[in-house]
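Read the structure below first, then the notes.
What follows draws every value from the coordinates through simple rules; no lab data is involved. None of the values given here were measured: they were computed from a predicted structure. Here the Cβ positions follow ideal geometry from the backbone for every residue, glycine too, while neighbour counts run over all protein chains shown.
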Amino acid sequence: MGVLTDVIKSINRRKSQMTLAIGYILISVFAGAAGQILLKKGMSSMGAVTLSVDQLFNVLWRMGTNPYVVIGLAIYVTGTVFWLAALSRVDLSYAYPFASLSYIVMLVASWLVFSENITPLRLLGTLIICLGVFLISRS
């Protein structure tokens, strides 16, 4: 009976660890997407940027003082911390496909926030990604 109890405890511990890891991954995905949205907003307000040696300091200064860029980077880094925590708990081959959920979040966000045109082919590609993530999560 003691062996069975130990097996059940081990299974429950593993499920708990996986649930926490998936939570970390989802936080990472949404933080990364939110960071990217803010980065895009900040860079859109700056206009087209050309990186050249003579203008590099000026461009970096403008980026570094743009509140959308700074906050976007901070949120993106926070998402990276959660991603690293997830990687400490699960295999990379399990976690990485979940990162592709950011495609879905970004597709919707770019449509809602920036009024980008979402073509049927782009939507189909995103749905295929969703199917792939679902299949991998079942493994």
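Based on the Kirkwood approach, the hydrodynamic radius assigned to the chain is 17.5 Å, with every pair of different Cα atoms included.
Taking the Cα centre of the chain as origin and assigning +1 to Lys and Arg Cβ atoms and -1 to Asp and Glu Cβ atoms, the resulting dipole is close to 360 debye. The angle separating the long axis of helix 67-87 from the principal Cα axis of greatest extent in the chain is about 20 degrees. Taking max minus min of the alpha-carbon positions on each principal axis, the stretch 26-88 gives extents of 42, 20, 16 Å, largest first. Annotation for the stretch 87-113 versus the stretch 52-84: alpha-carbon center distance of 21 Å.
State the dimensionless ratio Rg/Rh of the stretch 70-127 (Rg: radius of gyration of Cα atoms; Rh: Kirkwood radius).
Taking Rg over the Kirkwood Rh, I get 1.07.
Measuring nothing but how far apart in sequence close Cα pairs (under 8 Å, 6+ apart) lie, relative to its length, the chain scores a relative contact order of 31 percent.
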